[in-house]
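Okay, so here's the structure we're looking at.
Quick note: the coordinates plus some simple rules give every number you see, no bench work behind them. Given the structure is predicted, the values throughout are model-derived calculations rather than measurements. Cβ placement follows ideal geometry from the backbone for every residue including glycine, while neighbour counts extend to all protein chains displayed.
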Amino acid sequence: FAPAALGLCELLSRSGRWAEALAATTPLVAAEDVGEGLLSAHAVALRGLGRHEEALAVYRRAAGAFPGSAIALHNIAAVACDLGRYEEAEAAARAAFAGGGDAPETWLTFGRALQGQARFAEAEAAYRSALDRRPLDPEAHQALAHLLWMQTEDLAAASATLDTALVTSPSSTPLRLIRSSLLDHAGESEAAYAALVSSPPDDDLRLQIAAARAALRLDPARARAHAEAALRAMPDDDQAALALCEAHLALGEPEPAAALAERVRRRRPLDQHVLAYLATAWRLLGDDRYAALYDYAAFVKPWTIETPPGWPDLAAYLVDLAAALNGLHGLRAHPIGQSLRGGAQTSQNLRASQQPAIASFFQAVDAPIRAHLAALGAGKDPLRSRNTGRHALEGVWSVRLRPGDGRHVDHVHPRGWLSSACYIALPQAVEAEGRQGWIKFGEPGTPTAPQLGPEHFVKPEPGRLVLFPSYMWHGTTPFGGDTPRLSMAFDLVPAGKS
């Protein structure tokens, strides 16, 4: 019965129970005569499971069955953006507009498609069109503010439209969260915290959790109070528990921090951030289990990428790869919500790039990745227990750090399994004393008492690929001179056994 299947699928999807949602609609979508709503719900479940190609096929089927449907065309644009097929996304969005579609969601997706093609002025105009149609839309405000920040590195310019919206709706939790994050990543920590607590949090869990994290480096006791309030309001909320875990670490209370991390890990065993917090607590406690997780000799390895076909040697290939990547670095400032500071990150999907040097990169790193998986072997720990010997890429990007303030603050990759840094073009400063521009491991990205420092360093070299567990804290040291530091990075997840 299609209406019941549709309702069940939507209910399960809202709960994140994607596999069950998909099962509810699968028998019905096999028929030829299927409603557009059921097809869309089925595709939403596929997207929730990360099966974007299949979702795109379903959306295309809906567009064919219901010609001119602005909803179907919008959905094609949205999932094409997910896949980094920005030209296809743009075309679908334009077709939706031509068919009478004018939803703010489509303008937002249109903007993302344009931004993915480095057409930043057009993307800005599209985001503003979305806000013209829905002036308090949080996603559009975030997209516009983040784009303006990355283009200008000017906080006032980036937040101008957002600030105007907050005058109209000062109690909007989503807008306050966006404003606070923008301030924090612009280096305005006190202002970031004030943006969250300037008016009563009206028992909003998200504000309490954000205030706890914003207060961590300012006043850990205040951070604990916010996190405890959030956890009292929602005792089973994982983010509230992790915020309290961070506060305990900052106050030098590793026992309750470890207990909270263990509790969340039981529900989210693959979350690499949870493993990082647990490892940090174990390090403070002197627990032997820390050394098993942070086994640098076994888990952190440098490799040299191969020369792909078409180049005489690795040096020649790296010159062409650097030129191709530099051509994509059209932004000035670091993205909001990332570890990068003092530099820029590509906004394009490099996996889908047609440029020969970039497209060949994945062949160049394939053998080192396979060798790394073989060297890891099997085991019962959170890293090796997932090793199938096969892998899938989960995001690829390039970073260009500028000398002086360019660095990565210490962080982990919550959704990865293995992470990487591959060095393409390096400043002379990496050869100088002081490990300038090197990658470092072990220093937590969250405050601890006592403060914990780095334990392991790897020197960058052109063509060197460093692979390491995604749960392992890592960052980079600043460097001097006048030459930027250019790298590529990606995350890996296990693939099924052959």
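Worth a mention:
- Calculated FRET efficiency, Glu255 to Thr483, Cβ-Cβ distance, R0 = 60 Å: about 0.80 to the nearest 0.05.
- Exposure proxy ranking for Ser171, Ser353, based on other Cβ atoms within 10 angstrom of each Cβ and starting from the fewest, stands as Ser171, Ser353.
- Charge-dipole axis of segment 296-494 as Lys and Arg at +1 and Asp and Glu at -1 on Cβ define it, positive-most pick from Leu373, Leu331, Gln363: Leu373
- The chain, relative contact order [Cα under 8 Å, separation at least 6], %: 11
- Ranked for footprinting exposure by Cβ neighbours inside 10 Å, fewest first, His226, His408 give His408, His226.
- Computed from the Cβ-Cβ distance with R0 of 25 Å, the FRET efficiency linking Tyr296 to Ala495 stands at 0.45.
- R0 of 60 Å, Cβ-Cβ distance Glu431-Thr26: FRET efficiency to nearest 0.05: 0.55
- The antiparallel fraction among DSSP beta bridges confined to segment 296-494 stands at about 100%.
- Segment 382-463 - percent relative contact order, Cα under 8 Å, separation 6 or more: 27
- Ordering Leu231, His52, Phe110 by the projection of their Cα atoms onto the charge dipole of the chain, which places +1 on the Cβ of Lys and Arg and -1 on the Cβ of Asp and Glu, puts His52 at the extreme positive end.
- Extended-chain gain in nm, criterion 0.36 nm per residue less alpha-carbon gap, Ala160 and Asp236: 23.7 nm
- Taking every alpha-carbon pair under 8 Å whose residues sit at least 6 apart, segment 242-391 reaches a relative contact order of 16 percent.
- Under 20 Å from the Ala19 label point (7 Å along Cα→beta-carbon), backbone N, segment 349-387: 385-387
- For segment 290-442, a crude dipole built from +1 on the beta carbon of Lys and Arg and -1 on the beta carbon of Asp and Glu, taken about the Cα centre, is about 460 debye to the nearest 20.
- Put simply, the C-alpha atoms of segment 28-135 give a gyration tensor, and the ellipsoid matching it has half-axes of 25, 15, 11 Å, longest first.
- Nearest-20 debye value, segment 215-281 charge dipole, Cβ charges on Lys, Arg, Asp, Glu: 80
- Cα pair distances in segment 284-365, grouped into 5 Å bins until the bin that holds the longest one, percent each: 3, 12, 16, 14, 14, 15, 12, 7, 6, 2, 0
- Options Leu270, Gln151, Leu28, ranked by Cα towards positive dipole end of the chain, top entry (Cβ charges): Leu270
- Residues listed by number, segment 408-444, amide nitrogen under 18 Å from Ala392 label point at 7 Å toward C-beta: 414-419
- Subtracting the Cα-Cα distance of Ala65 and Glu455 from 0.36 nm times their residue separation leaves 134.5 nm of extension gain.
- From least to most packed, judged by other beta carbons within 10 angstrom and beginning with the fewest, Arg85, Arg60 follow the order Arg60, Arg85.
- Dipole magnitude (debye, nearest 20) for the chain, charges at Cβ of Lys, Arg, Asp, Glu: 760
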